[in-house]
Amino acid sequence: MAEAGDEITDYIKSPELLTSVIKENPDFVLISGGGNDILGEQVQDILKSAVVNGSYATDFLKEDIFKQKLEQLRQGYISFFEKIHILKPDVKIFIHGYDYIRSAPDAKTIKSGWANRYMIKAGIDNIDHRELILRHLGDTFNNMLKEFADKYN
């Protein structure tokens with residue numbers, strides 16, 4: 001049901017997932033989301049502008065906005081877990097994380113790519129800085145998913 005570019009907030013606004021769980025009565029549900037929420041065009045919202053140098057990914061991030069975005073994602077996932085469990089208690093829910101997105105090394109890759117072009121638009125021109133930020137965002141998101149896997153089995 002998902003489409004490229006969808007965010008967890010899109011899933012929440014639409015009853016399609018929950019309606020499909022009722023209609024299809026699946027044994028398994030895959031919730032695939034989160035990448036666009038923090039690594040799509042919205043990454044520009046969490047990046048500080050005019051940071052020339054930094055040693056840590058957090059030097060480049062508006063931490064308060066990033067934490068808000070993560071909390072929205074967390075609440076979206078939890079909402080789905082709880083609602084799906086009510087509708088079909090025995091269903092197995094799968095989630096997945098993301099591998100590291102590589103810093104795009106050339107203009108062609110950047111133009112047709114994903115997070116790098118938005119990071120450059122936000123002023124993160126240095127490939128090493130983008131790499132640092134991408135790893136941090138990916139690790140943070142994947143750690144949140146691991147917490148879900150541990151808590152919800």
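Observations on the structure shown:
- Of all residues in region 119-153, those satisfying the criterion of being open to solvent by less than 30 Å² (accessible area, probe 1.4 Å) and either touching a residue at least 40 places away in the same chain (Cβ under 8 Å) or on the phi > 0 side of the Ramachandran plot (or both) are MET119, ALA122, ILE124, HIS129, ILE133, LEU134, LEU137, GLY138, PHE141, MET144, LEU145, PHE148.
- Residue check, GLY97 more than 18 Å from LEU132 (Cβ to Cβ) and part of a loop (DSSP other than H, G, I, E, B): yes
- Residue within region 39-62 that is at pLDDT 90 or above and small (Gly, Ala, Ser) present: yes
- Whichever residue in region 72-89 is free of Cβ contacts under 8 Å to residues at least 12 places away in the same chain and more than 25 Å from GLN42 (Cα to Cα) and, among such residues, is surrounded by the most Cβ atoms within 10 Å (Cβ to Cβ): HIS85
- Hey, ILE84 touching a strand residue (DSSP E or B) at 6+ places or on another chain (Cβ under 8 Å) and at pLDDT 90 or above or not: yes
- Applying the condition of being in contact with a strand residue (DSSP E or B) (Cβ under 8 Å, 6 or more places away or on another chain) and open to solvent by 10 Å² or more (accessible area, probe 1.4 Å) to region 30-63 and asking which residue is nearest to GLY123 (Cα to Cα) yields LYS48.
- Scanning region 43-85 for residues that are within 17 Å of ALA115 (Cα to Cα), part of a helix (DSSP H, G or I) and of a type in the set (D, E, K, R) returns ASP45, LYS69.
- Test: residue in region 98-113 that is surrounded by 13 or more Cβ atoms within 10 Å (Cβ to Cβ), farther than 30 Å from LYS23 by Cα, modelled with pLDDT under 95 and of a type in the set (Lys, Arg): yes
- Any hit, region 107-127, residues being under 17 Å from ALA57 (Cα atoms) and in contact with a Phe, Trp or Tyr (Cβ under 8 Å, 6 or more places away or on another chain): yes
- Given (1) touching a residue at least 40 places away in the same chain (Cβ under 8 Å); (2) part of a helix (DSSP H, G or I), index of the condition LYS108 fails: (1)
- Every residue from region 8-37 that is in a helix (DSSP H, G or I) and aromatic (Phe, Trp, Tyr): TYR11
- Going through (1) in contact with a Leu (Cβ under 7 Å, 6 or more places away or on another chain); (2) under 30 Å from ASP27 (Cα atoms); (3) assigned to a loop (DSSP other than H, G, I, E, B) one by one, PRO89 falls short only on (1).
The values are calculated or read from the model by the stated rules, or taken from the named source; none is laboratory data. The shown structure was predicted, so the numbers you read here are calculated from the model rather than taken from an experiment. Positions of Cβ are backbone-derived with ideal geometry, glycine not excepted, and every protein chain shown enters the neighbour counts. Heavy atoms of the whole protein, side chains included, go into the accessibility calculation; ligands, DNA and RNA do not. Shrake-Rupley method; radii C 1.70, N 1.55, O 1.52, S 1.80 Å.
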